[in-house]
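Since the structure comes first, as structure tokens, the remarks are kept for the end.
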Amino acid sequence: VQLQASGGGLVQAGGSLTLSCAASIRTGRNYPVAWFRETPGNEREIVAALHSDGVDRYYANSVAGRFAISRENAKNMVYLRMDNLKPEDTAVYYCAVATASWGLQTFPGRYNVWGQGTLVTVSS
């Protein structure tokens, strides 16, 4: 079971990026999925989460209205669309799947499968 994240890079403030996460497992409707981010000296924080029903979503206050999480079950892919990026969005972003949980999960400890991280740098 592996996750491969991609799509990070350098972007100017106000720009957009879409992160992708390819899963070697079926990401399907039974698994909660999420994106987290981490900056040096800080704990990994939730950015967005998708309920195992594929409908309900959670967004951190700092990204609500700018980011969108989605998945494409047929391709075992999870995405994070990021618009109107700000310098404070600079971080390493991780995708995660909770294969032993159900519902909408926002705590890192609930996720047992993690991608390797992709760096997003937003310049001012």
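For the subset of the range 25-38 comprising residues that are more than 14 Å from Val92 (Cβ to Cβ) and open to solvent by 30 Å² or more (accessible area, probe 1.4 Å), which member is nearest to the chain's Cα centre (by Cα)?
Of the residues in the range 25-38, the ones more than 14 Å from Val92 (Cβ to Cβ) are 25-34.
So of that shortlist, the ones also open to solvent by 30 Å² or more (accessible area, probe 1.4 Å) come out as 26, 29-31.
Values: Arg26: 17, Arg29: 16, Asn30: 17, Tyr31: 14 Å.
Going through the qualifying residues, I end up with Tyr31.
Only residues that are open to solvent by less than 30 Å² (accessible area, probe 1.4 Å) and either under 15 Å from Gly117 (Cα atoms) or over 10 Å from the mean Cα position of the chain (by Cα) (or both) were counted in the range 62-81, giving 4.
Taken together, the residues in the range 39-52 that are touching a Phe, Trp or Tyr at 6+ places or on another chain (Cβ under 9 Å) and either open to solvent by 60 Å² or more (accessible area, probe 1.4 Å) or modelled with pLDDT under 95 (or both) amount to 4.
Yes or no: the range 107-121 includes at least one residue that is among the hydrophobic types (A, V, I, L, M, F, W, C), assigned to a loop (DSSP other than H, G, I, E, B) and closer than 24 Å to Ser52 by Cβ. Yes; the residues of the range 107-121 include at least one that is among the hydrophobic types (A, V, I, L, M, F, W, C), assigned to a loop (DSSP other than H, G, I, E, B) and closer than 24 Å to Ser52 by Cβ.
Residue by residue, here is whether (1) touching a helix residue (DSSP H, G or I) at 6+ places or on another chain (Cβ under 9 Å); (2) hydroxyl-bearing (Ser, Thr, Tyr); (3) part of a loop (DSSP other than H, G, I, E, B) holds:
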{"residue": "Gly14", "(1), (2), (3)": "no, no, yes"}
{"residue": "Cys21", "(1), (2), (3)": "no, no, no"}
{"residue": "Arg37", "(1), (2), (3)": "yes, no, no"}
{"residue": "Asn42", "(1), (2), (3)": "no, no, yes"}
{"residue": "Ala48", "(1), (2), (3)": "no, no, no"}
{"residue": "Ser52", "(1), (2), (3)": "no, yes, yes"}
{"residue": "Asn61", "(1), (2), (3)": "no, no, yes"}
{"residue": "Leu85", "(1), (2), (3)": "no, no, yes"}
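Residue check, Phe107 against (1) aromatic (Phe, Trp, Tyr); (2) surrounded by 16 or more Cβ atoms within 10 Å (Cβ to Cβ); (3) at pLDDT 95 or above, all met but one. Which one? Status for Phe107: all satisfied but (2). Which members of the range 10-24 meet the condition of being surrounded by 13 or more Cβ atoms within 10 Å (Cβ to Cβ) and either among the hydrophobic types (A, V, I, L, M, F, W, C) or under 15 Å from the mean Cα position of the chain (by Cα) (or both)? Val11, Ala13, Leu17, Thr18, Leu19, Ser20, Cys21, Ala22, Ala23 - these are the residues of the range 10-24 that are surrounded by 13 or more Cβ atoms within 10 Å (Cβ to Cβ) and either among the hydrophobic types (A, V, I, L, M, F, W, C) or under 15 Å from the mean Cα position of the chain (by Cα) (or both).
The values are calculated or read from the model by the stated rules, or taken from the named source; none is laboratory data. These numbers were taken from a predicted model, which means no experiment stands behind them. No Cβ is skipped: glycine too gets one built from the backbone with ideal geometry, and neighbour counts run over all protein chains shown. Surface accessibility is based on the protein's heavy atoms, side chains included, excluding ligands, DNA and RNA. Shrake-Rupley method; radii C 1.70, N 1.55, O 1.52, S 1.80 Å.
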